[in-house]
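Each remark here refers to the structure printed beneath this line.
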Amino acid sequence: MPTAALTAPAAALESALDSAPVAGPDLYAATIAMGLSAGLYFAFDAAVLPGLERGDDQTYVTVMQNINEAIENGLFGAVFFGAFLATGSAGLRLRRHGRLAAARWTWGALGCYATAVALTFAVNVPLNRRLAAAGAPDAIRRLGELKEGFSAPWARSNSLRTLACTAALVCLGRALALRHRAA
């Protein structure tokens, strides 16, 4: 097969990438996923955790165990990891197309979101695992101590995740506004 026949598809793909909307689908997907993440963490800060604090210790532990188990699903995973992947992809595409200001805002969003992901794995996930390992709430001795050791650090970390995701969302909004401007 002649070399020109082999390079033609690669050249066509390169041309299609260069003429495609500048990070459009990636940047929109990143923004939507980031908004969903920020909203989820905010809902915990504004309603879920304060609502649980109004109940007794057994209700708090039972509900948090159930939430922690229920959230481990494909939809949440797609949003949680998709926000990271789409943001990184958008940043690369923006840089490739010479949209450096938008790319910088996208990298800022990626840094903010990386902070939220790091908090999740360093603080929230270990606390969730410890809560799950305690067993059924009606069989836990010193339920109040378990709740106290869980609730305050989990809530603090969640508030930081809310701030980080909200900052990332602001950065992505700015990147959207700048995506058609060169440099």
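So the values come out like this:
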read-out: Test: residue in the stretch 38-52 that is hydroxyl-bearing (Ser, Thr, Tyr) and open to solvent by less than 40 Å² (accessible area, probe 1.4 Å); value: yes
read-out: Residues being among the hydrophobic types (A, V, I, L, M, F, W, C) and over 24 Å from residue 135 (Cβ atoms) - total across the stretch 37-73; value: 6
read-out: Flag for residue 121 being open to solvent by 40 Å² or more (accessible area, probe 1.4 Å) and of a type in the set (Phe, Trp, Tyr); value: yes
read-out: Sole residue being surrounded by fewer than 18 Cβ atoms within 10 Å (Cβ to Cβ), free of Cβ contacts under 8 Å to residues at least 40 places away in the same chain and more than 12 Å from residue 41 (Cβ to Cβ), chosen from 114, 132; value: 114
read-out: For residue 161: the one exception among (1) of a type in the set (Lys, Arg); (2) open to solvent by 40 Å² or more (accessible area, probe 1.4 Å); (3) in a helix (DSSP H, G or I); value: (2)
read-out: Checklist (1) under 25 Å from residue 46 (Cβ atoms); (2) in contact (Cβ under 8 Å) with a residue 12 or more places away in the chain applied to residue 125, failing item; value: (2)
read-out: Residue within the stretch 87-107 that is within 27 Å of residue 68 (Cβ to Cβ), open to solvent by 30 Å² or more (accessible area, probe 1.4 Å) and more than 24 Å from the chain's Cα centre (by Cα) present; value: no
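Residue-by-condition table, conditions (1) of a type in the set (Gly, Ala, Ser); (2) more than 14 Å from residue 35 (Cα to Cα); (3) under 14 Å from the mean Cα position of the chain (by Cα):
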| position | (1), (2), (3) |
| --- | --- |
| 109 | yes, no, yes |
| 118 | yes, yes, yes |
| 122 | yes, yes, no |
| 150 | no, yes, no |
| 169 | no, no, yes |
| 179 | no, yes, no |
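The values are calculated or read from the model by the stated rules, or taken from the named source; none is laboratory data. These numbers were taken from a predicted model, which means no experiment stands behind them. Because the Cβ atoms are built from the backbone with ideal geometry, glycine has one as well, and the counts that use them run over all protein chains shown. The accessibility values were calculated without ligands, DNA or RNA, using every heavy atom of the protein model including side chains. Shrake-Rupley method; radii C 1.70, N 1.55, O 1.52, S 1.80 Å.
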